[in-house]
Amino acid sequence: MRLLRIVVPIFLLLTGCALQQKTIDDIQLIQVLGYDWKDGEYRGTAIFPMYSPDKQETFRLITSSSKTGREILAIMNNKSDKPIEVGQMRTLLIGEALAEKGISTLISTLYRDSNVGNMTKIAVVEDAEHMLVERWKKKSSVDLYISNILRQNEETENLPITNLHTFTYQMWDWGEDPYLPYLTMDKQAVKVDGLALFDHYKLVTKIDERDTFIFMLLNKGSEEGIYESSFSARGKKGNVVIYDIATKKIMKLQKEGAHRKITIHLKIKGEIKEYPTWFDLQKDVGVLEKNVEKHISNHAMELLTFFQKKNIDPLGFGSYLDSKIRHYDEKQYKKDYQNLTFDVKTDVDIFHSGVIE
């Protein structure tokens, strides 16, 4: 009898939990959500899949406007024949105007929502509503299309890994400013067009794809990057493409008078696979290595100077100094950052293989 008294309440508890579960037929699962700032208020655009009795998948698009970002979902819910849920949201798009205004409240609200996954991908676009409407017109795989683009570019190291968790952490960490992928439309296709760079929670500037490659080298290195460079040797000019670029980054901190200097040493290995017919693998590789070393070092220095002028630190030098200097804090860093000097040294080792163009 004692065993029965224990088992029965547990059975009833489990039964009660089962009754609260929601089936996919009873709810609308938003998988792509966009936020813009238009006419002095938030503009939200959501896409979610719909399934017909014959198992055909279609997509529905809902838009709404509100003075607060959180109320967007409530208004969308009023327009839907089924309750709207965000538990399956894969991608969050932020319009450029909203990103420039600041997204701390929006991001913090979503981060605190237990239904929103921390691994949700985020990207900045010129106009989130326009991009989602254009993709919705295509009527095919809207829910996976953008998230797959971001995932694929992260895996091939065209982009750093970013998501709701990384952005939120960087947004409140004084030692490193956030960054997000920047997407544009090419007709009705979506493409990665560099990185959007923030000062805490406000968009400050963007960098293009070539700058993003250098950013990746300076950030956490690379294992399989691709680099294209113009090249001249023996009075001839052409282009070469270096694949499978693996980079090791070493940083050293020095004190020069009242200022601090950070030396960044990049050790790069790559495989040359495309080169002009006149290129001699024995005679010209050494010249090519020196050419690439100079170009990457100069480009990196230009990028670092650009970041200082914009007063942003997406590479996390604040965190680096904090790890090297005792009792270092944000107040001291604000004084130091503009006066930091950098030196980038690059060593390139190119292997011989590939095809002749």
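In table form, for the structure just shown:
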| item | result |
| --- | --- |
| Stokes-Einstein D for region 25-207, Kirkwood Rh over Cα pairs, 10 °C, 1.306 mPa s (µm²/s) | 96 µm²/s |
| Relative contact order (percent, whole number), region 210-356, Cα cutoff 8 Å, 6+ residue spacing | 31 percent |
| Cut-off 14 Å between beta-carbons: net charge of the residues surrounding residue 306, Lys and Arg +1, Asp and Glu -1 | -2 |
| R0 of 45 Å, Cβ-Cβ distance residue 200-residue 26: FRET efficiency to nearest 0.05 | 0.65 |
| Added length on full extension, which subtracts the Cα-Cα distance from 0.36 nm per residue, residue 97 to residue 306 | 73.0 nm |
| Sites residue 327 and residue 165, calculated FRET efficiency, Cβ-Cβ separation with R0 41 Å, nearest 0.05 | 0.90 |
| FRET efficiency, residue 255 to residue 156 (Cβ-Cβ, R0 30 Å, nearest 0.05) | 0.15 |
| Computed magnitude of the charge dipole of the chain (debye, nearest 20; Cβ of K, R +1, Cβ of D, E -1) | 720 debye |
| Principal axis dimensions, largest first and in whole angstrom, of region 180-249 by Cα | 50, 36, 20 |
| Share of alpha-carbon pairs per 10 Å distance bin for the chain, given as whole % | 5, 20, 25, 21, 16, 9, 4, 1, 0, 0 |
| For the chain, calculated [θ]222 nm from helices alone, where every DSSP H run of n ≥ 4 adds -39500 (n - 2.57) | -11500 deg cm²/dmol |
| Overall form of region 198-328 per C-alpha gyration tensor (a/c, 1.5; a/b vs b/c) | prolate |
| Inter-probe distance in nm under a simple model that places probes 7 Å from Cα toward Cβ, at residue 320 and residue 349 | 2.2 nm |
| Student exercise, region 25-101 dipole from Lys, Arg, Asp, Glu Cβ charges, in Debye to nearest 20 | 120 debye |
| Spin-label pair residue 188/residue 134, simplified geometry with 7 Å Cα→Cβ offset, distance in nm | 1.2 nm |
| Contour minus Cα-Cα distance for residue 88 and residue 226 (0.36 nm per residue) | 46.4 nm |
| Separation in nanometres of the label points that stand 7 Å from Cα toward Cβ, at residue 119 and residue 244 | 2.8 nm |
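Quick note: the coordinates plus some simple rules give every number you see, no bench work behind them. Bear in mind the structure is a predicted one, so any value in this text is a computation, not a measurement. Note that each Cβ is placed from the backbone with ideal geometry, even for glycine, and that neighbours are counted across all protein chains shown.
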